[in-house]
Structures are given as C-alpha cells and as structure tokens.
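A quick write-up on the structure given underneath.
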Amino acid sequence: MNNQLGETSKFAAVLVAGSWGTALASVLACNGYQVKLWTRSAEQAEDINQNRMNSKFLPGVMLPARIQATTDMEFALQHAELALFVAPSGAMREVAKQAAVHLSEETLVVHATKGFETTSLKRMTTVLAEELGRSQEQLVVLSGPSHAEEVILKQPTTVVVASASIASAEQAQDALMNTDFRVYTNPDVVGVEVAGAIKNIIALGAGLTDGLQFGDNAKAALLTRGLAEISRLGTAMGASPLTFAGLAGVGDLVVTCTSKHSRNWRAGYMLADGTPLEDVLSKMGMVVEGVKTTRAAYDLAKEYDVEMPITFQLYEVLFANKSPRTAVEHLMGRLRTHEIEDLG
C-alpha cells in the first residue's frame, strides 16, 4: 500500500472491531490515518493494543501501529474526520445511537454493513440517518467483492462507495483508495445496499448446492437466477439496473458464492447435511448476515410484490424445517417461464 510516512493530523474511527472493521481500519491506517477502532470487548482491545493483532477474527496478522483499539465511544470519535460503521445489521441502530451524541456534524459517515434491519426492513443508511439525525444524502455506503482476510493481507481488492452526494462519495474514495484497495464511486445507494444484502442469501444457497454435491451447473444457475432476484427487488425499491452488473452486484455475488472465506457459503454448506440452524450458527462463532437477511427479504418481496423463488425456498429451509434437497426439487419443478421477464 502507499503508506504516508510521518506524523499525521488525520483521524478516523471504525465501529466495530470485527474482521471487516479491522481490515478497513488497516486500510485507513496505511493511508496515513490515526484510527480508533471501537469494540465492546476490553479483552479484544487489549489484544489489539498490546499484541498488534485481532486474534479472534484475523489471527496471525499484525496490525499497523496507527490503529488504537478502545471501548470508549467518546474517545473513539474524538477528532474523527471519518466515522466508518461496520456493526452487524442487527446491532447498527444500537451502535449508531451510542455514537450520535459524540459525533461531530463535520464528520463524514460511511457504513460497510450488508443487510437490512429485520424488524423494520430498513436499509442501513436509513437506520443511520434516523439515529444520527442526518439526511440519507449525507451518508456513504461501501460495498463490493472484498473479503477481510484478503484485504488485511493487502491483496488487490476493488470496491465501490455510493452516495447521493458525489462530494461525499469522493471524500470516502480519497480516504480509502490506494494501490491495493481501488475504490469507484456510484450514486445508486439503494442498489448498492440491496445487492450487498441479498447476495448473502444466494451465498447460503451456493453453500447448500455444494454441500449436496450438485456440481458446477447447479451453482452457475443459482448465481444467475440469484442475480435476477437481486435485480428484481432492487429495481422495485428504486435502484438502477446497471448497479447489479457492477462491483456491488455481480462482483460481490461471485466472490461470496465461491470463496472459502465466505461465512454465508460455509453456513449453507453445513446446513446441507441437515445440521440444525442453531448448531450451524454456534459453530460459526460469527454473524451470518444471510440468515437474518433471508427473513427480511422474504418480507420485502411480499411488500413489493416481487417474485423471489430462491429466497422463498431458503426461508423454508432456515425457518420451516424444509430439507435442502426438497427445496432444490421445488425450485427445479417450478412452472415454465421466460428467462427475460419482459417477453410476456
């Protein structure tokens, strides 16, 4: 990465210290920011500060000296020019509520969380806008094909930042971009957020098909028809169809459905042999966003009257004890239809 050596007056806060938050904190630190990495765990903060390592989520990887972990939200946000929210979707509102009283109006707010709030079905920018007292136009979302395990090792990665404000998007782009972490801008916040959330559902399905030994043909069909579901829901919610052909759409979908690093793929793989969902989540030890997103997308599809057969079958597997093999049989046995839906 292009390290900017020497002292710096640039400050950033990253909330929270999961694998993705830690990897993004490393990107910012290598770009010259003094980064406060907030965590609820005093033990994790001590590990990061004393051992220069997030042993729980990214073991064996040394972190830049510019990263300082803390459990003090006020201290984390002090002087922050950039606040990067990377809390799980189910915790985003709580974290934002805690941050709101300490956040300067001048601080650029970016989030990198892929999911919906399951109780309200709201996107993360909506949740942040409500809790931080800002308009959604002031917020930026970061998404795209980007595993933390590769970003932390400075392997080439390309992402997208989306905002209704091109100035805010470019500010985030300037903060994060370097020779190993390329950042594009996009004005379609809805499309980027919907794509980032729904692809986790399709990744669960990809893990299931691999666990059932269905082969490459089945996975290729799943990804293709999964992208159709993402596009269908996204455009119904106001997104641009072009977004789904980009990094946040097909790019993120491919990497999440095919990589050993994908926790959603791993969860789906474990579900294939009939392991109960509770046991799978316990073994994972990390948030599997696709599980909660499946419930949210199931409700959103009904709200927007959108056909999402893969999502509906996964909902039955996750929450109605349907066997994965039966779910696939039901998908394959659906009535004939057109691939290009506006043919009639």
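Within segment 1-57, track down each residue that is touching a strand residue (DSSP E or B) at 6+ places or on another chain (Cβ under 7 Å), in a loop (DSSP other than H, G, I, E, B) and at pLDDT 95 or above.
Of everything in segment 1-57, those that are touching a strand residue (DSSP E or B) at 6+ places or on another chain (Cβ under 7 Å), in a loop (DSSP other than H, G, I, E, B) and at pLDDT 95 or above turn out to be 10, 16, 17, 33, 39.
Here's a check for you: in segment 110-143, which residue that is of a type in the set (Lys, Arg) and closer than 25 Å to residue 22 by Cβ is farthest from the chain's Cα centre (by Cα)?
Let us first name the residues in segment 110-143 that are of a type in the set (Lys, Arg), namely 114, 122-123, 134.
If we keep only those that are closer than 25 Å to residue 22 by Cβ as well, we get 114, 123.
Working: 114: 3, 123: 12 Å.
So the residue we want is 123.
Any residue that is under 26 Å from residue 261 (Cβ atoms), out of contact with any helix residue (DSSP H, G or I) (no Cβ under 9 Å at 6 or more places or on another chain) and not basic (Lys, Arg) - is there at least one of those in segment 77-86?
no
Output the number of residues of segment 219-244 satisfying the condition of being buried (at least 19 other Cβ atoms within 10 Å of the Cβ) and either among the hydrophobic types (A, V, I, L, M, F, W, C) or in contact with a strand residue (DSSP E or B) (Cβ under 9 Å, 6 or more places away or on another chain) (or both).
Residues that pass the stated criteria total 8.
Given (1) buried (at least 17 other Cβ atoms within 10 Å of the Cβ); (2) of a type in the set (D, E, K, R); (3) in contact with a Phe, Trp or Tyr (Cβ under 9 Å, 6 or more places away or on another chain), identify the lone condition not met by residue 93.
Every listed condition holds for residue 93 apart from (3).
Restricting attention to segment 282-303, does a residue exist that is free of Cβ contacts under 8 Å to residues at least 12 places away in the same chain and under 15 Å from residue 196 (Cβ atoms)?
Scanning segment 282-303, I find no residue that is free of Cβ contacts under 8 Å to residues at least 12 places away in the same chain and under 15 Å from residue 196 (Cβ atoms), so the answer is no.
How do the helices (runs of 4 or more DSSP H) wholly within segment 242-335 filter down when requiring 2 or more residues that are modelled with pLDDT of 95 or more and in contact with a Lys or Arg (Cβ under 6 Å, 6 or more places away or on another chain): which remain?
252-258
Hey, can you tell me all the residues within segment 219-241 that are closer than 20 Å to residue 325 by Cα and either in contact (Cβ under 8 Å) with a residue 24 or more places away in the chain or of a type outside the set (Gly, Ala, Ser) (or both)?
Selection gives 219, 222, 223, 224, 225, 226.
The values are calculated or read from the model by the stated rules, or taken from the named source; none is laboratory data. These numbers were taken from a predicted model, which means no experiment stands behind them. We place every Cβ from the backbone using ideal geometry, glycine too, and count neighbours over all the protein chains shown.
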